[in-house]
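Reading through the structure tokens given below for one structure.
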Amino acid sequence: MADRVYAGQPADSFGFQHILYRKADRVATVTFNRPEVLNCVNYPMLVELATAFHDAAFDDAVAVVVLTGAGDRAFCTGADMREQQQFVERPRDYYKWMGVFIEAHEKLRNIGKPTLARLNGLVVGGGNEFNLSCDLAIAADDIYIRQVGASHGSVAAAGATQWLPLVVGERRAREILMLNEEIPAQTALAWGLVNQVVPRDQLDEAVAAMAQKLIAKFPEIMRYTRQHLNFWKDFSWHQTIGHARDWLAIHNTSTEVLEGVQAFADKRAPDYAGLHDRAEQDQSPEYPHGAPLRSCSHCGVKHLPAQFEFCGKCGGKL
């Protein structure tokens, strides 16, 4: 008999470097496996996630998919800021990165089987978007959830802005996305961000119990139920994700992103006041040293910042 094309592969056959992948007892468990950096996602991890989700979708022996993080400090803390620093220099490359981020979410959301987020630690930024992509979530009682885009020079435009209003309501969604405050596990439960909160030492037991409840359902009916439940998520996502991808790539040229990335590298708080001060002083908040309007009469170089008094190429006085 020919090999089955539409079938899963052994979990240990992929050789993943950035995630853990396990299949047992009708449950596929996908684990963000970068605990040394709080399980933040980089490009290679996103590629591996999409591959694992694709395999779990095709494997008829898998009935439920669990998504979690390695260790006990973090579920996932969003994008790897060290990797993101390169996009300040090559901003259009962010469009490519965003493509694999979108693909991973598409594979997860359209996996055709119930998905369960096991929230074992910090759930921050893009990590919460992975939580929101799952059908259900169970959290340890000592974790918190937080969106951070407005505080760190980005926008939660790939899931959180589309889905939080559906999950927690309009006003709470605005509070989460605008204030960027920590949401403790019990508050997350009250708001509907998670389905259960349990003591940390009972997390695995609770996840296993929920998985068994989901396994004991008709798979085709479950798939069709998910398809309809995903209608508003899919509608809002597909109406916005394309221009969000473009806008985020373009936005990497802004001083806000530059300040956010530099603040992370310097291990300091971003200078929000400085951006406001430049605007109040009739200086362009979009350019740290003024718009690139000046030219050098000595060497002919163009597009020098308006506040420069000397040419950055030849040193001549402007």
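Each value in this text was obtained by applying a stated rule to the coordinates, not by laboratory testing. These numbers come from a predicted model, not from an experiment. FYI the Cβ positions are ideal-geometry reconstructions off the backbone, even for glycines, and counts take in every protein chain you see.
Okay, here's what the table says:
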read-out: Pick from segment 60-81, criterion of a type in the set (A, V, I, L, M) and assigned to a loop (DSSP other than H, G, I, E, B), ranking: surrounded by the fewest Cβ atoms within 10 Å (Cβ to Cβ); value: ALA61
read-out: Among the candidates ALA52, ALA74, ALA79, ALA57, residue that is touching a residue at least 40 places away in the same chain (Cβ under 8 Å) and farther than 22 Å from ARG146 by Cβ; value: ALA57
read-out: Hits in segment 107-158 - residues which are of a type in the set (D, E, K, R) and more than 10 Å from the chain's Cα centre (by Cα); value: LYS107, ARG109, LYS113, ARG118, ASP135, ASP141, ASP142, ARG146
read-out: Scan of segment 23-43 for residues that are over 16 Å from GLY78 (Cβ atoms) and either crowded, with 16+ Cβ neighbours inside 10 Å or of a type in the set (D, E, K, R) (or both), ordered by number; value: LYS23, ASP25, ARG26, VAL27, ALA28, THR29, VAL30, THR31
read-out: Checklist (1) surrounded by 16 or more Cβ atoms within 10 Å (Cβ to Cβ); (2) assigned to a strand (DSSP E or B) applied to MET98, failing item; value: (2)
read-out: Checking GLY15 against (1) over 20 Å from ASP135 (Cα atoms); (2) assigned to a loop (DSSP other than H, G, I, E, B); (3) touching a helix residue (DSSP H, G or I) at 6+ places or on another chain (Cβ under 7 Å), the condition it does not meet; value: (3)
read-out: Answer from ALA28, ALA57 - the residue that is farther than 25 Å from SER154 by Cβ and not in a strand (DSSP E or B); value: ALA57
read-out: Leading residue by the ranking (nearest to SER151 (Cα to Cα)) among those in segment 245-257 that are aliphatic (A, V, I, L, M) and buried (at least 16 other Cβ atoms within 10 Å of the Cβ); value: VAL257
read-out: Test for PHE14: is it under 21 Å from the mean Cα position of the chain (by Cα), surrounded by 14 or more Cβ atoms within 10 Å (Cβ to Cβ) and among the aromatic types (Phe, Trp, Tyr); value: no
